[in-house]
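Worksheet: the structure to be examined is printed underneath.
The values are calculated or read from the model by the stated rules, or taken from the named source; none is laboratory data. Everything numeric here is computed off the predicted structure, so don't read it as measured data. Glycine also receives a Cβ, built like all others from the backbone with ideal geometry; neighbour counts cover every protein chain displayed.
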Amino acid sequence: MSSETNQVAVEEAPSQLSAETPVTPVTPEALSSDWKENLSDEIKADKSLENIKDIEGLAKSYVHAQKLVGADKIPVPNKYATEKDWESVYEKLGRPKTAAEYKYELPENQEINQQALDNFSEQAHKLGLLPGQANGMVKFYNDMMSQGLQEADGKATEARENGTKQLKQEWGQAFEQNINKASTLAKSVMDADFLNTNLADGTKLGDHPTIIKAFANLASKMGEDNITQSSGPAYLTPGQIDKQIGELTQVGSAYWDKNHPNHTASVEEVLSLREKKNIV
C-alpha cells in the first residue's frame, strides 16, 4: 500500500468516528439521576446512600465525615448493654466520679435538708446526670416549692381574714370578748401542736372560725368568770341582742302596756339594745 493510501485512511478516520459515535452533552440533570449507574449493585443498594440525590450531596456527606475523623466519639449502648457499659458512657459525658462531687447553687439563708440533698445526689449519680443537669433539677424543685409556699401563705392569709370578718359580723362588739374567751379555754384544754395543725385552706385549726365559735360557746356555757378574768364590760353579740329584744317586746309585755310600771324602763332598754346593735 502506498503512502498516499495511508494518508487518505488517516484523514478519513475522524469523519467516520464522528458519524458512528455521536457525543451526548452531559447535563446537571443527567448527573443527578444517573450518578449511581456506574456503581456496583452492592454499593448502589447500600442504605447510607438512600438520601443522597446527586454528586454534590455525596461530596457534602464525604466532607462532613472527614471533619469527624479524629473527633471523640461515644458509641450509644444497645439494648443488650450492661450497667458497666453505661457507666463508661456517663464518665465520658462528664458525670462526676462520685455523688459527693455534685455542686448546687442554693438560695442564701435557705434551710437545707442535707440528708435529702445527699440522697438526691446518689440517685443523680446512678442515673448518670451531668453536674448542670443535677443542679438544674435542684433549682427547679426549689423554685417550685418556693412558689407553692407563697401561694399557700396567700391562701392562708385570705382564709384567716375571711374568718375574722365573718366572726366580727356575727359577734359585733362582743368579738374581742369572745375571741379572748375562746382562746383562753382552747389553750387550757388543748395541746398547742393540735391547735397549730394545718388545714386544707392553709389556716391553723385554732384559727378556724368554726373552732373559735365552738370554744366561745363552750366558754359561755361554763361561765365567763371561770374561763377568763376580764375587767372590761361584757358585750353581747347581735344574735344575743335580738334575742333580748324579742323577749322584751313579746305580746303582753310591759313594752306594749303604757300603764305598766315597767313600761318606760322596758322601752329604754329596747332602745339601748338597738343602739348597741347599730354600733357594730
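Here are the numbers for this structure:
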{"quantity": "Helices (runs of 4 or more DSSP H) lying entirely in segment 129-203 (those with 1 or more residues that are touching a Pro at 6+ places or on another chain (Cβ under 9 Å) and surrounded by fewer than 13 Cβ atoms within 10 Å (Cβ to Cβ))", "calculated": "131-171"}
{"quantity": "Near pairs, Cβ below 6 angstrom, 6+ apart or cross-chain, from segment 62-89 (closer than 14 Å to residue 127 by Cα and at pLDDT 75 or above) to any residue that is part of a loop (DSSP other than H, G, I, E, B) and hydroxyl-bearing (Ser, Thr, Tyr)", "calculated": "none"}
{"quantity": "Residue among 56, 42, 37 that alone is assigned to a loop (DSSP other than H, G, I, E, B) and either on the phi > 0 side of the Ramachandran plot or at pLDDT 75 or above (or both)", "calculated": "37"}
{"quantity": "Subset of segment 227-244 [at pLDDT 65 or above and either part of a loop (DSSP other than H, G, I, E, B) or not acidic (Asp, Glu) (or both)]", "calculated": "235, 236, 237, 238, 239, 240, 241, 243, 244"}
